[in-house]
Structure formats: C-alpha cells, structure tokens
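Novice: Please see the structure below; I have some questions.
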Amino acid sequence: MTSYKNAITVFGFIVPALIVAVVLTVGFVARGHVQTSLQNKSKHFKGFNRNQQQVDQLEKQLSQKREASEYWNELLGRETASTITSHLRDISSKLPSKEFQITSQSTPQNRSGFGSASAQSSSQVNLGFRANFRSMQKAFLELETRMPQLQLQDLKISPSNQGGNLNIDASYTAWAP
C-alpha cells in the first residue's frame with residue numbers, strides 16, 4: 001500500500017496542485033498584461049480625445065479667420081507697381097495738396113537691396129514726395145497698411161524750399177507671394 005500511497009500523493013495531489021499553481025500564475029500574469037494594456041490604451045484614447053478637441057477648436061478658430069486670410073492672400077497677390085500707384089492716388093486725395101505731393105515713382109528692373117540677398121521674388125519701388133512730416137507719416141501708415149508686403153529699405157529726408165515741406169525719398173522692397 002505504501003507504493004500506491006506515494007503515487008497517489010504525487011499524481012493525485014502534488015501534480016494537480018502544481019498544474020493549478022502554474023495555471024493561476026499564468027492567469028495572474030496574463031491579467032496583469034491585460035490591465036497594463038488597458039491602462040495604456042485608455043491613456044492613449046484620452047490623449048486622442050483631448051487632441052481631437054483641440055483640433056476642433058483650432059478648426060473653428062481658423063474657419064472664422066478664413067475670410068481675412070483669403071483677403072490678405074488676394075491683397076498680397078496683386079501686381080505691385082500699379083497697386084502702389086492707385087493707393088498713392090487715393091492717399092494723396094485725402095491729404096491737403098499743399099502738405100503732400102508725389103514727386104516721383106519708379107520701379108527699377110534690377111534687383112537690389114533686401115531682394116537681391118533673398119531667393120524669394122521681389123521688386124524694388126522708389127518713391128519721391130514733397131510733404132510735411134505729419135502728412136508723410138499718415139501717407140506711409142496708410143500705404144504700409146494697405147500693402148503689407150512692402151518693406152522700407154531706404155528713407156532720405158532733406159529740407160525743401162517750399163513752405164516748410166520736406167523732400168522725402170523712400171525705397172521699398174515689395175515681396176511677391
């Protein structure tokens with residue numbers, strides 16, 4: 001009977017206990033991996049939802065500013081020389097003729113100044129005025145507001161013989177989109 005007792009103990013209790021222990025250990029390890037995977041995926045899902053909400057908010061803000069963006073792109077896409085001429089006509093009509101006069105306007109064909117040092121296409125515009133300081137400031141403000149692609153390159157101011165006005169020569173670089 002002792003030989004059966006050892007076999008029954010080993011195969012009846014110890015082996016099944018080891019099998020149950022292995023199955024429980026594998027189950028707990030698998031459960032831990034599943035919980036870790038669930039936590040990681042939940043964290044990624046929350047991050048995705050947060051990012052999606054931010055994207056939706058940005059899209060909403062951009063859709064509200066799309067009209068302004070289209071307006072500025074259209075404004076930047078216009079031809080520079082004729083646009084400057086029309087804007088200067090409008091500006092000079094708003095200012096007193098004794099205080100503001102356009103004396104010259106030219107667009108040299110060669111690239112110089114800021115435009116020559118850049119790969120972006122640009123053109124140069126030279127303007128001459130006879131004006132007092134206040135009117136000239138208003139004109140520059142109005143011109144640069146209407147044409148944001150202009151970059152002042154050179155400004156020369158000298159006294160004029162005509163009633164307190166100044167001779168003003170300005171060179172602009174007009175950047176093309």
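Novice: Any idea what % of Cα-Cα pairs in segment 118-177 are farther than 13 Å?
Specialist: On the way: 1132 of 1770 pairs.
That fraction is 64 percent.
Novice: Ratio of segment 1-77's C-alpha Rg to 2.2 N^0.38 Å, to two decimals?
Specialist: Working: Rg = 32.0 Å, N = 77, 2.2 N^0.38 = 11.5 Å.
The value comes to 2.79.
Novice: On full extension of the chain, what length is gained from residue 74 through residue 10, given 0.36 nm per residue of separation minus the C-alpha to C-alpha distance?
Specialist: Values: separation 64, 0.36 × 64 = 23.04 nm, distance 8.91 nm.
Fully extending the segment from residue 74 to residue 10 adds 14.1 nm.
Novice: Lys/Arg Cβ at +1, Asp/Glu Cβ at -1, dipole of the chain taken about the Cα centre: which of 102, 173, 73 is farthest positive-ward?
Specialist: 73
Novice: Treating only the Cβ of Lys, Arg, Asp and Glu as charged (+1, +1, -1, -1), what charge dipole size does the chain show about its Cα centre? Round to the nearest 20 debye.
Specialist: Working: 19 positive and 12 negative charges, 157 e Å.
Roughly 760 debye for the chain.
Novice: Please list, or write none, the lysines whose alpha carbon is within less than 30 Å of the alpha carbon of residue 46, excluding same-chain residues fewer than 8 places away.
Specialist: Cross-link targets: 60, 65.
Novice: Cut-off 10 angstrom, C-alpha nodes, Gaussian network model of the chain. Which of 17, 131, 30 fluctuates the most?
Specialist: 17
Novice: If you don't mind, another one. Averaged across orientations, what area in nm² does the convex hull of the alpha carbons in the chain project? Don't skip to the answer; put the middle values down first.
Specialist: Numbers: hull surface 79.7 nm².
Averaged projected hull area, Cα only: 19.9 nm².
Novice: Report, to the nearest 10°, how far helix 133-146 tilts away from the longest principal axis of the Cα atoms in the chain, using its own Cα long axis and a range of 0 to 90°.
Specialist: 40
Novice: Less than 16 Å apart at the alpha-carbon level, and either on another chain or at least 8 residues along: which lysines does that give for residue 94?
Specialist: Excluding near neighbours in sequence, the set is 138.
Throughout, read-outs are computed from the coordinates displayed, never taken from laboratory work. The structure displayed is predicted, hence computed values, not measured ones. As a convention, Cβ positions derive from the backbone with ideal geometry for all residues, glycine included, and neighbour counts pool all protein chains shown.
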